[in-house]
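Everything on this sheet refers to the single structure shown next.
No value in this document is a laboratory result; all are computed from the given coordinates. Just so you know, these numbers come straight off a predicted model, no measurement behind them. Note: ideal-geometry Cβ built from the backbone for every residue, glycine included; neighbour counts use all protein chains shown.
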Amino acid sequence: MTAAPGGRAASAPLLGHETEPTMFEMSVPGRSSYQLRTTDVPAVSLDALIPLDHLNSSDVDLVELSERDLVGHFTRLSHRQFSVDLGMYPLGSCTMKYNPKFCDAVAADPGLNSVHPGVPAELCQGWLELLVTLEEKLCAITGMSAATLQPAAGAAGELTGLLLMRAFHSSRGDVRTRVLIPDSAHGTNPASVTLGGYEVTTIPSNERGLVDLAALKAALGPDVAGIMLTNPNTVGLFEEEIVDIAHAVHDVGGLLYYDGANLNAILGAVRPGDMGFDIVHMNLHKTFATPHGGGGPGAGPVAVSKRLEEFLPGPKATRASSGAYEWRRPPRSIGRVHGWHGNAMVLARALAYIDVHGGDGLTRVAQHAVLNANWLRRRLEKTLPAAYDRMCMHECVLTATNLKNSFGVRGLDVAKALLEEGFHSPTVYFPLIVEEALMFEPTETESPQTLEALAQAVERIAQRAHDDPESLHRAPQTTPVSRVDEARAARHLISTEDASSRR
Ligand SMILES: Cc1ncc(COP(=O)(O)O)c(C=O)c1O
């Protein structure tokens, strides 16, 4: 066992609520981790490359740890996480499905991951072919004409889409100020509209959880740049009047933006392009099972219809008439939205996922996702009724209103108690239009046995609500971290290590 300064044991097993020391606390002067050099390039001293007066002469406060302590640290931390590899993660809207290891193996290929993104096109033809192939497949899946692979996540794709909308209208000398968004939308939609320089007009949902078409028509006018919609929407329901919505928005010269966060529900069944959408972002990390990575780096490609192609970010990998691949900037490009060409390893994983499934396989992904959500909705209808009593798509929004009214147990208590049962919590209090919302997205990767185990866990929690509601207000008790005040934690961040204080 290694004694770290301050008497902290660096490699003791971590139990219960014990805190893992930071790497700075474990650091011991002089300790290091080695890797054997594999290069035959002679080492060059720094001062031969950088003028002396630009070099920092004071010590840099770096962590000094042995490989053994470092591996122990990260392994212990990994045991305190809930992950898609560990168990079911029904976090509605986030689509946390299992990521096949096959895709990781593809991304680990040295032929892909040893190429610097600045390498000239003639030296990385394989990579460019991969990017062009992925773009073509994403366009075929969405029914669009061309795509950019640069955006680093769904929200980054949304901003890109709004910049494309602005470029399109500006190119026609058309000044428009408003973008319509349904009241069930994900929070990133209004945030992106504001960042994109537009005002948000909120469209109410009707009693069926869908866009209120009459209210939408009343809000339309020549100042409307477009509408942002996700279909199925965030209540997990398919917008049945989408063709009428598309006509109404196009009639006033607006564009339709498709938030593709829920694309996994319709793969192979219906395409946004065929529904009338002009701009589509895809969250590859949701639909094509690539790692989300703590809110990013994912990948949020944006596909567009023909009339918006010329504005796409660039440079873009393109197949020239000679058959060779090159970087080309679309003629009226909005410029770069990423330092390089996008999160390339996520793009490679997504292409592997698409290819290994094939067309029929992708359709089955959507079918199983929808089947699993509906199975769960029906299985739990007596314990947590659905907010809208009709067939849902890939996620179901249930409500804990009955538990709240009868026993004072809220949706949040149920979600926290599920962690004690070995399941990740569903999304809570979203969408905002549903009281005590619990949004479950089982995804296609879970088996009937796992779904049944989840349903039984929810039933046990409902029984606890009846027998001992107080215990649920304190849940979870068996996890490394118990109930925290999440709003306070986000607003009053306390850094556990101030490196500057160690100088
Ligand atoms: C409907 C919807 N839109 C947009 C986003 C944002 O996507 P990302 O997390 O990739 O930025 C999400 C994320 O959960 C979402 O559910």
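The relative contact order of the chain, computed from alpha carbon pairs under 8 Å that lie at least 6 residues apart in sequence, is 18 percent.
Contact order for region 157-291, expressed relative to its length and based on alpha carbon pairs under 8 Å spaced 6+ residues apart, stands at 23 percent. Put a plus charge on the Cβ of each Lys and Arg, a minus charge on the Cβ of each Asp and Glu, and nothing anywhere else: the dipole of the chain about its Cα centre is then about 260 debye. For Ser447, Ser321, Ser471, Ser192, the sequence from fewest to most other C-beta atoms within 10 Å is Ser321, Ser447, Ser471, Ser192.
Which of the three applies to region 363-490, rounded, prolate or oblate, going by the alpha-carbon gyration tensor with a ≥ b ≥ c and a/c under 1.5 meaning rounded? Note, shape of region 363-490 comes out prolate.
Going by C-beta contacts inside 10 Å, put Cys396, Cys139, Cys103 in order with the fewest on the left. Mind showing how you got there, number by number?
Working: Cys396 31, Cys139 19, Cys103 22.
So the ranking, lowest neighbour count to highest, is Cys139, Cys103, Cys396.
Go through Lys97/Lys382; Lys382/Lys416; Lys101/Lys382; Lys286/Lys316; Lys101/Lys306; Lys97/Lys217 and tell me which ones have a Cα-Cα distance over 31 Å in this structure. Beyond 31 Å: Lys101/Lys382; Lys101/Lys306; Lys97/Lys217.
For region 103-355, the relative contact order comes to 28 percent (Cα pairs under 8 Å, sequence separation of at least 6). Taken over the chain, the percentage of Cα pairs per 10 Å bin, counting from 0 up to the bin with the maximum distance, is 4, 16, 24, 24, 19, 10, 3, 0. Other residues with beta-carbon under 11 Å from the beta-carbon of Arg178 carry, at +1 per Lys or Arg and -1 per Asp or Glu, a net charge of -1. Sorted fewest first by neighbouring Cβ atoms within 10 angstrom, His292, His368, His79, His54 come out as His54, His79, His368, His292.
Over the chain, DSSP H runs of length four or greater, each weighted -39,500 (n - 2.57), average out per residue to a 222 nm ellipticity of -11000 deg cm²/dmol. Scoring 252-260, 457-465, 412-420 by mean Cβ neighbours within 10 Å over their residues and listing the highest first yields 252-260, 412-420, 457-465.
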